[in-house]
Amino acid sequence: MATVSRGNVKMTIQSIRSTKWRSLLTMLGVIIGIVSVVMTVGIGEGVKREVANQVNQFGDDLITIRPGNAQQDNGKIVSNADLLFGLNSLSGLNPKDLGAVRGADHVRIASPLGVVPGTVQTSDKKLNNSLVLATNSDLPSALNRSVRYGDFFSGQDEQANFAVIGRHVAASLFDENVPLGRSFTFRGQTFVVRGMFDEFKSTPLSPAANFNNAIFIPYQVAERLTGGSTQMYSVLAKPDKPENTRATVSSINKAMLQAHGGQKDFSVLGQKEMLAASGDILSLITTMIAAIAAISLIVGGVGIMNIMLATVTERLHEIGIRKAIGATNRQILNQFMLEASILSLFGGLVGIAVSIVGVFGVRIYTDLKPVISWQAIVIATLTSLAIGIIFGTLPAIKAARKDPIEALRHE
């Protein structure tokens, strides 16, 4: 039996070598499918880790209060397009909500975040799509981040036209590394850059939380500029002690319910809920794209079946000779099943190799950091082998059932 098996392998390799280009084209569908699925899952897993790192940089005790109820009856978190702080919410929070958060038990600090529309410009540059955020002096503590250069505006300065900028704003607006003391104009007012944050970790799928591109101004100044119409898209809070985080979430929920007349049109999320929200939506996107990419594997499998059916027709005379000298139906079946499996498996291995190269290319040339796990490689290998077995079955059965007399007559 072992001799027959080795003979089958030798004949399979010989057959594949004799039709190199056809074998390569046969494997191409499997290769494309494996590359698509592995890279899609890898990018999804990489982005998920980036989001987790982005969330964790603000500390495990950060609590985010968003407008809108993000929690369903079954307890699952439903996230909008912004994976972190809820910038895309339809309606915002107001100063009464900020007061309710501050007055809740165990709350040490509460910092609002509100978008102020307008154009930022200097004497020679203009930022039409600038991200100007209204906040207060508690923001550095809420974000677990100190100002690297200069300092943040204090409580006494919250009515002055001071600004603190993200790392990328320095280059895009001022063409300087540390533009402290420089000024810009916003909504007819002149603002002086008082400080600059160091680089924040960010992910391309959460642009709202990319504070590297943000300009922070005092909330009271923003209220003055907008005539009191600045809405908060989020309030960030921290407990007096990290171990009181869950109790603080509960007390904020109670305070907000009272402020909203018992209406649950807000969400209070700890870091676990934030990660769950981002993880759920990313998993959904990854699964959807991977399912679409998996169609390529089915196409590749159909390609293998078609080629193997053509191969059976071409090799009828060989099948007849083998049966005439004593080969059984099972041996013929095994021969063609083995050929389909090796083609598919080799295509899968090539696809994995191309995926690894592709992942390194994506990491080098883009901001994405895809991750390929050993589980993905094992699953891809088993999938390619399964494709060969499933789609090689019909041609193999057809070959095994050939009548040896008719096969010998075929030229």
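A399 satisfies every condition listed in (1) part of a helix (DSSP H, G or I); (2) more than 20 Å from V299 (Cα to Cα); (3) among the aliphatic types (A, V, I, L, M); (4) modelled with pLDDT of 80 or more except (4). Contact map, region 362-383: first residue acidic (D, E), second residue outside any helix (DSSP H, G or I) and at pLDDT below 80, Cβ cut-off under 9 Å, separation 6 or more or different chains; pairs are D367/S202; D367/T203; D367/P204.
Each residue in region 120-174 was checked for being among the β-branched types (V, I, T) and within 27 Å of D60 (Cα to Cα), and 5 of them qualify. Scanning region 178-191 for any residue that is surrounded by fewer than 16 Cβ atoms within 10 Å (Cβ to Cβ), touching a strand residue (DSSP E or B) at 6+ places or on another chain (Cβ under 7 Å) and closer than 30 Å to G44 by Cα turns up nothing.
Starting from residues that are surrounded by fewer than 18 Cβ atoms within 10 Å (Cβ to Cβ) and either assigned to a loop (DSSP other than H, G, I, E, B) or among the basic types (K, R) (or both), keep the ones in region 200-230 and report whichever is modelled with the lowest pLDDT. Filtering first and then ranking leaves P204.
Entry remark, region 111-167: residues being buried (at least 20 other Cβ atoms within 10 Å of the Cβ), aliphatic (A, V, I, L, M) and in a strand (DSSP E or B) number 9 in total.
Name the residues in region 231-247 that are closer than 15 Å to F58 by Cβ, touching a strand residue (DSSP E or B) at 6+ places or on another chain (Cβ under 8 Å) and in a helix (DSSP H, G or I), would you? Scanning region 231-247 gives a single hit, T245.
The values are calculated or read from the model by the stated rules, or taken from the named source; none is laboratory data. Just so it is clear, the model here is predicted, and its values are computed rather than measured. Quick reminder, even Gly has a Cβ in these numbers, built from the backbone with ideal geometry, and neighbours come from all protein chains shown.
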